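Below is one structure, written out as structure tokens; comments come after it.
FYI, it's all coordinate maths here, none of it is from the lab. In this text, all values refer to a predicted model and were calculated from it rather than measured experimentally. Cβ placement follows ideal geometry from the backbone for every residue including glycine, while neighbour counts extend to all protein chains displayed.
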């Protein structure tokens with residue numbers, strides 16, 4: 001019985017590590033996306049700026065949410 005419990009603990013620990021690694025990767029991608037969107041908004045032609053700024057705000061909100069979960 002103890003071996004079954006130990007195996008269950010091992011499996012839960014592994015899932016937690018995998019979830020943490022995926023979350024870290026997601027946050028890294030979001031941070032890079034925000035930086036890219038910021039640069040694109042600055043260099044965009046005037047007629048595209050409102051669209052780019054809206055996209056930037058959405059990405060920033062998503063990044064903030066993901067980092068708060070971490």
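Please indicate, with yes or no, whether at least one residue in the stretch 29-36 is within 15 Å of the chain's Cα centre (by Cα), more than 17 Å from residue 67 (Cα to Cα) and in a helix (DSSP H, G or I).
Keep residues of the stretch 29-36 that are within 15 Å of the chain's Cα centre (by Cα), which gives 29-36.
After this cut, where a residue has to be more than 17 Å from residue 67 (Cα to Cα) as well, the list is 36.
Checking which are in a helix (DSSP H, G or I) leaves us with 36.
Yes, the stretch 29-36 contains at least one residue that is within 15 Å of the chain's Cα centre (by Cα), more than 17 Å from residue 67 (Cα to Cα) and in a helix (DSSP H, G or I).
For residue 51, are the conditions met, namely being within 26 Å of residue 64 (Cα to Cα), without any contact (Cβ under 8 Å) to a residue 12 or more places away in the chain and in a helix (DSSP H, G or I)? Before you say what the answer is, go through the steps one by one.
Numbers: within 26 Å of residue 64 (Cα to Cα): yes; without any contact (Cβ under 8 Å) to a residue 12 or more places away in the chain: yes; in a helix (DSSP H, G or I): yes.
Considered against the rule, which asks whether it is within 26 Å of residue 64 (Cα to Cα), without any contact (Cβ under 8 Å) to a residue 12 or more places away in the chain and in a helix (DSSP H, G or I), residue 51 comes out as yes.
Might you check whether a residue that is in a helix (DSSP H, G or I) and surrounded by 14 or more Cβ atoms within 10 Å (Cβ to Cβ) occurs anywhere in the stretch 11-23? Break it down stepwise before answering.
Within the stretch 11-23, the first condition is being in a helix (DSSP H, G or I), and the residues that meet it are 11-23.
Then drop every residue that is not surrounded by 14 or more Cβ atoms within 10 Å (Cβ to Cβ), which leaves 23.
Scanning the stretch 11-23, I find at least one residue that is in a helix (DSSP H, G or I) and surrounded by 14 or more Cβ atoms within 10 Å (Cβ to Cβ), so the answer is yes.
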